[in-house]
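Notes for the one structure printed next.
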Amino acid sequence: MKISNPTNVKQAAKLLIQGKLCAFPTETVYGLGAIASDSEAILSIYQTKNRPAFNPLIIHCADYEMATELVKFSPLAKKLTQFWPGALTLVLPKNPTANISDIVSAGLDTLAVRVPAHKIAQQLIKTVGEPLAAPSANPSGNLSPTNAQMVKSGFDNKVPVLDGGACEAGLESTIIAIIGEEITQLRAGAIAKKDIEKAIGQSIKTASSESKISAPGMLKSHYAPKANLRLNVSNPNPDEAYLAFGIEPKNITIIKNLSPSSDLKQAAKNLFSFLNILDEAGAKNIAIAPIPNQGLGEAINDRLKRAATPKS
Ligand code: TXA
Ligand code: MG
C-alpha cells in the first residue's frame, strides 16, 4: 500500500493525533515521531524500527516548561538547559505524574528529554500540543537518516515523512545524565563535550562499563552501512571506495570527501549521508580517512567505530 507523505506541519500533526507515526526533521537527524502518551503508537515505533524493548526513547518537548512536566530539574540540570533549544538530550529523574506511556522509558526511572531547535520540529510539537517520543528514523542498527529520502528508503516508503531538507548537524544529540551532582556523557554527539564543560564550568565523565548509568541503546555494532568499513586509512586500496577528510588520494574511483577543508562540523553534517551514498553505490569495502579525535571528532569517531564493528 502506498502511503502519502504530509506536505506541511498541520498534516503531520493530524497523523500523530490520530495515533499514527510520522517522521520529521530535527537539527540532528530525522526522528520517527509518536505522541509520547499513546502506548499503541509507541509500540508501533518499536515494531517499525525492530527496536529491542530494553532501549528507551527520547522525548521531544517544545520548551523547558513542557519538559518540567516530565522530569525533575536539579539546579545543575537547569544550568544545562542553556543549550536548549538544541542538540543536547538530558537524562533526568522521571516525574511520577508524567503523562508518558510506560513503554517509553523501558522500565527505567529516568527519562531522556530534549528541546529541538529545528523550526519544523518546534512547530510540530506546538501544533500537537504534547511531547513527542522520537528515536532516529532508521531501522534499528542502521545509519541515522539525515534527509527525508534516507528515511523513505530505510522503511521502504511505508512510513510518512515530513520533508524538511538536510539536517544541519547530521549527528545525533549529545546525551548527558545527571544523577545528584554527577554528570556523565552517555553518548557523544552534535555538541562537543568540551563546549558543555566550558559552559557549566565542571568536567563531565564519560560512561564506561563501571558507570552507574549508560544508554541502553549504545550497542557495539550500530549506525552500520551494508559495506565493510576500514578505519584510519590514508592510502586506500584500488578496490575500496573512499571516504576522505581533507586531502584526497589519487586514482580512487568511488570517493566522497567529508570536508575538503578538514572542517569537523561539515564532516559531521555529511557523515551519514555520504556513507549512505557509498553504500547505495554498491561499494563492498569502504576505507575511511583518519579523523582528528577532538571536539566533534569524538562523536564522529564513536559512530565510525560502531559502524565498522561487524553485526553479530
Ligand atoms: O538527535 C537525537 O537524539 C535523535 C533525534 C531524532 O532527536 N534521536 C535519537 O534517538 O538519536 P535514538 O532513539 O536513536 O537514541 C536514543 C538513545 C538510545 O541510545 C537510548 O538508549 C538512550 O538514548 N536513552 C533514552 N532514554 C534513556 C534513559 N532514560 N537513560 C539512558 N539512556 C537513554
Ligand atoms: Mg538511533
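The table below lists the values:
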| read-out | value |
| --- | --- |
| Loop-located trypsin sites (Lys or Arg not before Pro) in region 110-180, at most 13 other Cβ atoms within 10 Å (DSSP) | 158 |
| Value of relative contact order over region 1-142, rounded to a whole percent, pairs C-alpha under 8 Å and six or more apart | 36 |
| Region 228-308: Lys pairs at Cα distance under 22 angstrom, eight or more positions apart or on different chains | 8 |
| The chain - percent relative contact order, Cα under 8 Å, separation 6 or more | 19 |
| Semi-axis lengths (Å, descending) of the ellipsoid that matches the C-alpha gyration tensor of region 148-209 | 33, 14, 9 |
| Residues in region 282-312 reached by a label modelled at residue 235 [backbone nitrogen below 17 Å; 7 Å Cα→Cβ] | 287-290 |
| Lys/Arg +1, Asp/Glu -1 at C-beta; region 9-206 dipole; positive extreme among 44, 75, 147 | 147 |
| Heavy-atom accessible area per residue - the chain, 1.4 Å, Å² | 45 |
| Net length gained if the chain between residue 109 and residue 37 were fully extended (0.36 nm per residue, minus Cα distance) | 24.3 nm |
| Set of lysines near residue 49 by C-alpha distance (under 16 Å), chain-local residues within fewer than 8 positions excluded | 20, 152, 158 |
| Cα centre as origin, Lys/Arg/Asp/Glu Cβ charges: the chain dipole, Debye | 320 |
| For residue 181, solvent-accessible area (1.4 Å; no DNA, RNA or ligand), Å² | 130 |
| Extent along principal axes [Cα atoms of the chain; Å; largest to smallest] | 61, 52, 34 |
| Anchor residue 72: lysines whose Cα lies under 20 Å away (excluding residues fewer than 8 positions away in-chain) | 94, 212 |
| Extension gain from residue 252 to residue 212, taking 0.36 nm per residue of separation minus the Cα-Cα distance | 9.8 nm |
| Percent of Cα-Cα distances greater than 15 Å, calculated over region 212-279 | 59 |
| Rounded percent of accessible protein surface that carbon and sulfur make up, the chain, 1.4 Å probe | 51 |
| Net dipole in debye of region 173-251 [+1 Lys, Arg Cβ; -1 Asp, Glu Cβ; about Cα centre; nearest 20] | 80 |
| Bridge type composition, the chain - antiparallel percent by DSSP, nearest 5 | 50 |
| Kirkwood-Stokes translational diffusion coefficient of region 43-112, alpha-carbon pairs, 10 °C, 1.306 mPa s, µm²/s | 123 |
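The values are calculated or read from the model by the stated rules, or taken from the named source; none is laboratory data. Every value quoted in this text rests on a predicted model; they were computed, and no experiment measured them. Cβ atoms come from the backbone with ideal geometry, glycine included; neighbour counts cover every protein chain shown. Keep in mind that these areas ignore ligands, DNA and RNA; they rest on the heavy atoms of the full protein, side chains included. Shrake-Rupley method; radii C 1.70, N 1.55, O 1.52, S 1.80 Å.
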